[in-house]
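Okay, so here's the structure we're looking at.
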Amino acid sequence: MREVELFFGPQHLGMVGNFSITLNVEGDKILKATADPGFLHRGFEKLMEYRTWMQNFPLVCRINVVEPDHMEMVYAMAVEKLAGIELPERAEWIRSIYLELARVGSHLFGLWAYSNMLGFDTVAQWAMYHRDLILDLFEELTGGRVYHIYIWPGGVRRDFPEGFTDRMVETLHSIGKCVPDYNNTFFNNPLFYERTRGIGKVSREEAEKWGGVGQVLRATGKPFDIRKVEPYAAYDKVDFDIPTREEGDVYSRIMVIRDEMIESVHLIFKLIEGLPKGEVYNKVPNPFKWKIGEGESYVRVESSRGELGLYLVSDGGDKPYRVHFRTPSYSHGLTILEKALEGANISDVGNIMISMYVVAPEIDR
Amino acid sequence: MDKKTSILSPLKALKYLFKKPKTLRYPFELKEPAERYRGLHLNDWDQCTGCGNCADICPNEAILMKEIPEIEAKDGERNERPEIDYGRCCFCGLCVDICPTGSLRLSRDYFHIHFDPKTFKLLAKDEKTDEEHFLPEGEYSILKASLTHRRENYEGFSSDLEYSLFDPERVQMSQASPKERKSSFIEQVKGFSAQEAQKEANRCLECKLCEEVCPAGMNIVDYVRNLWEGNLEEAVRDIYKTNPLPGVCGRVCTHNCESACVLSHRGEPVSIRWLKRYVADNLSLSEYQKVLETEKIKSVGKKIAIVGAGPGGLAAAYYLRLMGYEVVVFEKLPEPGGMLRYGIPEYRLPYEALDKDIEYIKSVGVEIKCNTSVGKDISLAELRDNYDAVFVSTGFHKGRSTGVPGSKNPHVFQAIELLRKVTMGEEIEVTDKIVVIGGGDVAMDISRTLARLQMKKFKAVDITLSALETRDIMPATPEEIEEALEEGIKMYPGWGPEKIILEKKSVKGMAMKKCLRVFDEEGKFNPEFDEKKKKEFECSMVVEAIGQAPDFTFLSEDIKEKLKYEGRRMKVDEYGQTSLPWLFIGGDILRGPDVINAIDTGHKAAKGIDKFISSKEKK
């Protein structure tokens with residue numbers, strides 16, 4: 001058969017996000033896959049060098065529309081580390097609750113993309129609807145639905161409104177009640193099983209070698225999670241599990257995501273129970289007169305797609321000297337995806353890509 | 001846990017077919033945005049000061065401060081209001097968190113659909129100032145919602161001081177306790193430490209509203225920033241551009257800047273005055289000379305005479321000297337400083353601080369001839385003939401009397417004369433019970449000075465202060481009143497003097513009557529009394545501190561005749577130049593008693609004299 005070069009994205013219907021993969025195929029079989037990013041480069045890292053420490057705070061979340069919250073967190077943490085800012089305890093706990101809520105919302109969004117791509121439209125709509133309920137919570141807490149602009153250096157921007165935790169618990173319960181429906185329709189569905197089992201396999205050695213983090217690594221049996229490895233916010237104050245699977249295929253990755261969502265909800269309940277009282281914000285210096293001493297910091301958090309890091313350098317001025325994000329989609333979408341697609345069927349490109357939760361804006365920044 | 005179910009199990013989802021759909025049918029079913037919703041802007045134009053901090057913080061440069069000619073800006077405010085470009089705005093709300101007055105908020109409105117990009121700009125207002133576009137719920141329609149069709153009382157994300165981006169509280173200044181103060185003339189305000197000064201300087205938002213109200217037009221933002229950066233040398237350079245008496249003004253300035261400070265609307269203003277003092281106190285005289293590069297001044301060979309070594313005269317002398325003029329200052333009293341030395345008590349302005357400022361002015365080559373009274377020892381006409389120009393700032397050194405029966409008694413004193421005697425070290429016969437009449441700063445100064453002397457002599461304070469004005473309109477600065485009360489001075493605001501009770505030529509008491517109003521409907525001083533409501537205070541000494549007046553006896557008749565007047569004041573131009581071109585005036589006699597105004601008149605006169613002399617040369 002003849003070898004053909006195919007462009008999967010950015011216009012291809014199966015593609016999610018402004019991203020492209022060039023495929024060399026023979027029949028339905030992929031011989032070689034070349035990831036082709038760059039359609040969404042907005043120059044965030046450079047932009048941030050021209051904005052003051054405070055002005056960067058509303059900017060960072062926009063790097064990743066799917067889950068802006070961990071971007072805020074990683075920026076706030078890096079600035080706090082550089083400037084030596086202490087946080088009130090309650091702020092740490094609120095941050096954890098907020099980030100777990102973001103994780104659930106983000107996974108639901110991912111589930112929408114994934115099930116939609118596989119043709120499970122009903123589940124996709126459920127996931128989108130349930131994500132919207134979580135956005136309602138974010139709206140009440142922060143005033144924004146998608147870009148929350150909430151975690152800022154020094155703590156969080158506002159305290160929980162009166163009765164907010166009750167409404168949060170209520171919403172999460174109402175979503176939780178639908179888990180059996182999700183299982184019946186999707187996770188335990190033989191069609192899903194057949195489409196995913198043994199597909200897009202990545203071994204633990206390969207995943208480790210090529211920079212796999214998050215579900216990619218956890219689906220190979222390695223319980224690697226920054227929340228445990230290098231606890232931040234209030235994650236060392238409560239007990240929680242890291243769901244893992246052994247096979248390293250699409251099925252394992254999606255099941256890890258499902259289990260993670262459920263674990264996150266349990267984690268939120270535990271955090272609400274232990275939530276201390278007190279202040280939520282320690283004032284930072286006047287934003288027009290804020291210089292941070294010379295130095296560099298690298299901080300990392302566990303985003304819904306895996307380890308998200310930020311390298312921040314200050315030359316003693318009122319703006320960052322250099323900013324660099326280490327995003328999980330970068331290694332997942334470029335290196336691992338190219339390897340995992342080799343030998344796969346053309347119809348599984350989206351299947352494998354979204355199971356790794358590749359988010360294009362995170363690759364390009 | 002994973003179990004493969006039957007291929008038919010997904011059919012269970014069909015049960016949802018019989019449930020009510022959760023999606024909203026817009027616009028018939030509306031979703032109410034959350035209370036903190038970050039939507040389109042609201043701005044209360046009455047509260048907004050036009051400071052422009054919102055425009056400065058905006059990460060997207062979406063805010064432009066637009067001049068609104070219809071707005072008559074109050075003192076310390078600008079007639080500019082923020083215009084938001086919704087093509088750029090990212091609804092982050094940093095503008096709300098930086099707004100010092102809290103006038104800028106976000107509403108829960110978020111709709112605007114239009115083909116014309118020009119319509120995406122909005123001069124934010126709220127229902128208070130824009131009734132046309134903010135509609136009550138009944139008249140509002142979501143189908144028409146836009147930047148100019150808004151719902152009233154629909155506030156979303158708004159400012160909260162606890163989470164604001166500025167610090168509403170100032171760094172507390174350490175002060176001597178009332179007990180410590182009463183028993184000596186030690187300086188009350190102890191001054192900032194380096195760390196405190198830096199922290200306080202950090203609070204300044206740099207909107208420059210303060211600079212617009214400073215009579216001397218000082219570069220406040222620049223020196224506060226330089227102080228914050230630890231660059232005291234640059235800070236002192238900024239200060240000396242417009243004010244050669246930082247040690248003095250850093251202590252006793254009337255600080256219009258602080259009243260205008262935008263942080264004062266919901267918090268405490270930046271302690272600009274104490275910051276200036278910190279700069280002045282932390283550089284030595286020799287450092288001044290090095291930093292200000294005044295070691296080599298080229299002489300232009302012209303001579304200027306200055307009458308009066310108060311703040312006006314000293315400022316004029318300094319700036320004229322910098323321009324290369326030979327300057328001689330004639331001072332009637334034994335030491336230079338004028339009212340700063342002989343009017344302001346030592347605990348507010350220690351002589352060392354004043355001396356340091358004056359020493360520096362002398363060190364650049366200004367000659368000060370003390371104990372030389374113009375009009376007595378040397379005439380103004382002589383100065384006119386021997387010098388190229390004359391600047392007069394003789395100040396308000398004459399006290400005003402109440403003129404009530406008994407006020408001519410030798411035990412009735414003028415505050416200003418007593419203060420002068422204290423400075424000169426002359427003995428004052430302080431009695432154990434004193435009544436002070438007046439509600440201004442001088443009344444506070446003399447009461448507190450006498451309290452210290454009473455403490456020394458009798459180990460107790462018994463001073464009664466009565467003022468025509470009620471406490472809320474008393475002209476003295478609120479801190480002064482507070483501190484006087486702390487030191488044990490009894491205050492009776494709203495009482496006017498009736499007569500001084502005498503017995504065998506000595507003072508026995510003071511009779512007062514209730515003051516109903518101080519100013520009439522036209523705002524003129526015209527007190528009205530309740531003749532039935534009276535009070536008597538027992539005392540053996542009365543001090544009048546109801547105001548000061550200039551003394552123009554140095555003007556000879558022929559000069560007086562040649563001068564032109566506007567009402568009772570001498571006619572002068574913007575530089576203080578009178579109708580006799582060689583004669584400039586400034587200080588209190590031009591603008592009334594105030595240090596920083598005096599410095600400004602001195603500085604302006606220096607420029608005016610330079611202009612006058614250069615124009616004379618051209619001819």
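Read-outs throughout are calculated quantities, based only on the coordinates presented, and are distinct from any laboratory measurement. In this text, all values refer to a predicted model and were calculated from it rather than measured experimentally. Note: ideal-geometry Cβ built from the backbone for every residue, glycine included; neighbour counts use all protein chains shown.
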Taking the range A:168-278 and dividing mean pair separation by its residue count, relative contact order in percent (alpha carbons under 8 Å, at least six apart):
27 percent
Residue-by-residue Karplus 3J(HN,Hα) for the range B:437-447, coefficients 6.51, -1.76, 1.60, Hz, glycine and proline x
10, x, x, x, 5, 5, 4, 5, 4, 6, 4
Loop only by DSSP, 14 or fewer other Cβ within 10 Å of the Cβ. Give me the trypsin sites (Lys or Arg not before Pro) in the range A:40-106 that pass, ordered by residue number.
A:ARG42
Just round it to a whole percent: the fraction of Cα-Cα distances in chain A exceeding 36 Å.
21 percent
Within a Gaussian network of chain A (alpha carbon springs, distance under 10 Å), most fluctuating of A:LEU111, A:LEU82, A:LEU217
A:LEU82
Quick one: grab Rg to one decimal and Dmax as a whole number for the range B:274-432, Cα atoms only, in Å.
18.3, 60
With the contact rule set at Cα under 8 Å and sequence spacing of 6 or more, what percent relative contact order holds for chain A?
27 percent
Per-residue Cβ neighbour rank within 10 angstrom, fewest leading, B:HIS41, A:HIS12:
A:HIS12, B:HIS41
Within 10 Å of each candidate Cβ there may be at most 10 other Cβ atoms; applying that plus a DSSP loop requirement, which chymotrypsin sites (Phe, Trp or Tyr not before Pro) in the range A:82-146 survive?
none
For chain B, what is the convex hull volume of its Cα atoms per residue in Å³?
270 Å³
Summing -39500 (n - 2.57) over the DSSP H runs of n ≥ 4 in chain B and dividing by its residue number, what mean residue ellipticity at 222 nm do you reach, to the nearest 500 deg cm²/dmol?
-8500 deg cm²/dmol
The range A:236-323: Rg to Rh, with Rh as the Kirkwood radius over Cα pairs
1.13
Could you list which residues have their amide H under 5 Å from that of B:GLU498, counting only those 5 or more apart in sequence or on another chain, with H placed in the peptide plane?
B:ALA511, B:MET512, B:LYS513
Once the Cα atoms of helix A:164-176 and of chain A are each reduced to a long axis, what angle between those two axes, in degrees from 0 to 90 to the nearest 10, is obtained?
10 degrees
Within the set of other residues whose C-beta is less than 12 Å from the C-beta of B:SER174, count the net charge using Lys and Arg as +1 and Asp and Glu as -1.
-2
Part-to-part distance (alpha-carbon centres) for the range B:46-112 and the range B:496-512, which is given in Å
59 Å
How high is the relative contact order of chain B, in percent, counting Cα pairs under 8 Å that sit 6 or more residues apart?
11 percent
For chain B, the longest principal axis of the Cα atoms and the Cα long axis of helix B:272-281 enclose an angle in degrees, to the nearest 10, of 60 degrees
With the range B:229-317 reduced to its Cα atoms and the Debye formula applied, log10 I(q)/I(0) at q = 0.23 1/Å amounts to -1.22
Cα-derived Rg to Rh of the protein assembly as shown, Kirkwood definition:
1.12
Tell me the angle of helix A:89-118 to the major Cα principal axis of chain A, expressed in degrees between 0 and 90 and rounded to the nearest ten.
20 degrees
For B:VAL572, the net charge from surrounding residues (Cβ-Cβ under 12 Å; K, R +1; D, E -1) works out to +2
In the range A:179-267, lysine pairs closer than 19 Å at Cα, eight or more apart or cross-chain:
4
Enter the Cα centre distance for the pair the range B:380-401 and the range A:214-251, rounded to the nearest angstrom.
86 Å
Given backbone amide H placed at 1.01 Å from N, residues whose amide H is under 5 Å from that of B:PHE529, ignoring those fewer than 5 places away on the same chain, are B:LEU516
Among the lysines, select those whose C-alpha is under 18 Å from the C-alpha of B:LYS459, and discard any that sit fewer than 8 residues away in the same chain.
B:LYS179, B:LYS182, B:LYS433, B:LYS490
Once phi is turned into θ = phi - 60°, what whole-Hz ³J(HN,Hα) does the Karplus curve with 6.51, -1.76 and 1.60 give for every residue of the range A:278-286, x standing for Gly and Pro?
x, 6, 10, 8, 9, 4, 8, x, 2
So which GluC sites (Glu not before Pro) in the range A:25-74 end up in coil per DSSP with only 16 or fewer other C-beta atoms within 10 Å?
A:GLU49
